[in-house]
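Everything below concerns the one structure shown next.
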Amino acid sequence: MIEIDIYKKLAHSELKAKFNISNGERIGIVGRSGSGKTTLLRILAGLEKSDGEIKVDKDIWQDKNIFLKPQSRKVGFLFQDYALFPNMTVEENLKFGMKNQKDSARIEEMLDLIELKKSRKYKPNKLSGGEKQRVALGRAILSDPQILLLDEPFSAIDSELKEKLRNELLIIIEKFNLTTILVSHDQDDINKICNRVYKIIDGNLNFIP
Amino acid sequence: MDLNNFINSDFLSTVLLTIKLAFLTTSILLIIGTPIAYWLSSTSSRIKPIIETAIAMPLVLPPSVLGFYLLLLFNPEAGFGKFIETVFSVRLAFSFEGLLIASVIFSLPFTIHPIQNGFKSLPKSLREASFSLGKSTFQTLIYILIPNIRPSILTASIITFAHTVGEFGVALMIGGNIPNETRVASLALYDEVESLNYDIAHVYALFLFLLTFIILLIMFRINKTEN
């Protein structure tokens, strides 16, 4: 169970979010540009500070006295630009966050799952948008996160490919039963992948039944 | 001294000393300059403008001003200079060690600015992705950030090296033109011109001209290949 109750003053508005996520649940967050969707993910990942509390099972990630660094939070963050390391191959990117980097069986399994076994020695600049996304997702999953945060994962993808990639993403998330928060301005992304939806309206996070 | 004898003796030792000074200055600056450049590229601290100004000062400050203050600082009879001499038995004024410290300070912007610009050019998400994958700032620097700004590191190294080779004002104030200790090629050239030894001055001038040309050429070739 992840319990979130945070407040942050933004440049032109504010962000208030209070909600709980059960393990394995997939939450979608929609809202217009600048409403604080990405900021909420960054706060959860420890990349930005805010007021309030974040509790994950028995661990406190943030309260009045505690602020865990991003390194100490078990978060898999899929950045909008994927943030693949340009100096590393597909395989090296996947290995980077693993506790046991010698666990070659796990890497092979992931390369199989993301269908990039043949491209394992490629650098990210040789990959298509969809392939980059799969590497970034695989890398995040191999770091054994307690929560997966997806920031506009399809914003850089052609509309024709979107449907295929949504299906692939959902298959991978379901396979690992990952607790997920997906942020998107596209309601279709959310409907396809998430089982609970919130919308940020005037800085408040509202549940959409 | 005829030209042949000179090339076999004074010239070689001066050239070696010049290259040794430039090599050590560049190495020290890469080690201390890279973390400073990273800090400057990622911080929003209030003291950042002050530190940036201090680092950029050698770009516009007459070298003799910096040389003068360092000479006072290195005075073996008082303060810092006395402390270093007492504790480490190293005299900084008119010594190679003092010249090295002065060169490091004077070349700071030539190392830090290209590396800082390199860090700034990288997407912030690379650093944040590494942090989210559990890596410390040091690991992120070593495995992600530095390997992805290789052209900037190379530019910083080469410009620092070339700048140190060509440095004159600080070397004159701090070094004192002592053979085998602080007499670098730029000082030797000046000395030989003053003594009207134009043949020998030509050798130094040509050496500095060619060395600077070659290292800049190497930098442009490598940067072209990297791009």
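The values are calculated or read from the model by the stated rules, or taken from the named source; none is laboratory data. Quantities reported herein were computed from a predicted structural model and do not represent experimental measurements. Methodologically, a virtual Cβ is constructed for each residue, glycine included, from the backbone with ideal geometry; neighbour enumeration extends over all protein chains shown.
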Note on the stretch A:35-51: residues away from chain B (no Cβ under 11 Å), free of Cβ contacts under 8 Å to residues at least 60 places away in the same chain and not aliphatic (A, V, I, L, M) are A:Thr39, A:Lys49, A:Ser50, A:Asp51
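I'd like the full set of residues that are assigned to a strand (DSSP E or B) and buried (at least 22 other Cβ atoms within 10 Å of the Cβ), limited to the stretch A:45-55.
A:Ile54
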For A:Glu109, the lone unmet condition from (1) touching a residue at least 24 places away in the same chain (Cβ under 8 Å); (2) farther than 17 Å from B:Ala129 by Cβ is (1)
Residue set A:Leu149, A:Leu137, A:Leu116; condition surrounded by 13 or more Cβ atoms within 10 Å (Cβ to Cβ) and away from chain B (no Cβ under 13 Å); output residue A:Leu116
Going by what's in this entry, would A:Lys74 be described as surrounded by 13 or more Cβ atoms within 10 Å (Cβ to Cβ), facing another protein chain (nearest Cβ under 9 Å) and modelled with pLDDT under 95? yes
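To keep it simple, each residue is scored yes or no on (1) among the basic types (Lys, Arg); (2) farther than 23 Å from A:Phe19 by Cβ; (3) part of a strand (DSSP E or B).
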residue	(1), (2), (3)
A:Pro153	no, no, no
A:Ala156	no, yes, no
A:Leu170	no, no, no
A:Lys175	yes, yes, no
A:Leu182	no, no, yes
A:Asn191	no, no, no
A:Val197	no, no, yes
Restricting the stretch B:128-141 to residues that are within 18 Å of A:Val135 (Cβ to Cβ) and in a helix (DSSP H, G or I), the one farthest from the other protein chains (Cβ to nearest Cβ) turns out to be B:Ser130
Being without any contact (Cβ under 8 Å) to a residue 40 or more places away in the chain, among the small types (Gly, Ala, Ser) and more than 26 Å from B:Lys120 (Cα to Cα) narrows B:Ser45, B:Ser9, B:Ser27 down to just B:Ser9
Checked pairs for the stretch A:151-173, first of a type in the set (Gly, Ala, Ser), second in a helix (DSSP H, G or I), C-beta under 7 Å and 6 or more apart or across chains, list as A:Ala156/A:Gly129
Within the stretch A:18-41, restricting to residues that are basic (Lys, Arg) and not in a strand (DSSP E or B), the one that is farthest from A:Val197 (Cα to Cα) is A:Arg32
For the stretch B:199-221, the count of residues that are loosely packed, with under 13 Cβ neighbours inside 10 Å and either closer than 17 Å to B:Thr160 by Cβ or modelled with pLDDT of 90 or more (or both) equals 8
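Yes/no per residue for (1) surrounded by 15 or more Cβ atoms within 10 Å (Cβ to Cβ); (2) of a type outside the set (Asp, Glu); (3) over 29 Å from A:Thr89 (Cβ atoms):
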site: B:Phe138; (1), (2), (3): no, yes, no
site: B:Ile144; (1), (2), (3): yes, yes, no
site: B:Ala156; (1), (2), (3): yes, yes, no
site: B:Val165; (1), (2), (3): yes, yes, yes
site: B:Ala171; (1), (2), (3): yes, yes, yes
site: B:Pro179; (1), (2), (3): no, yes, yes
site: B:Thr182; (1), (2), (3): yes, yes, yes
site: B:Asn197; (1), (2), (3): yes, yes, yes
site: B:Lys224; (1), (2), (3): no, yes, no
Inside the stretch A:56-70, the number of residues satisfying the requirement of being more than 15 Å from the chain's Cα centre (by Cα), surrounded by 14 or more Cβ atoms within 10 Å (Cβ to Cβ) and within 14 Å of another protein chain (Cβ to nearest Cβ) is 3
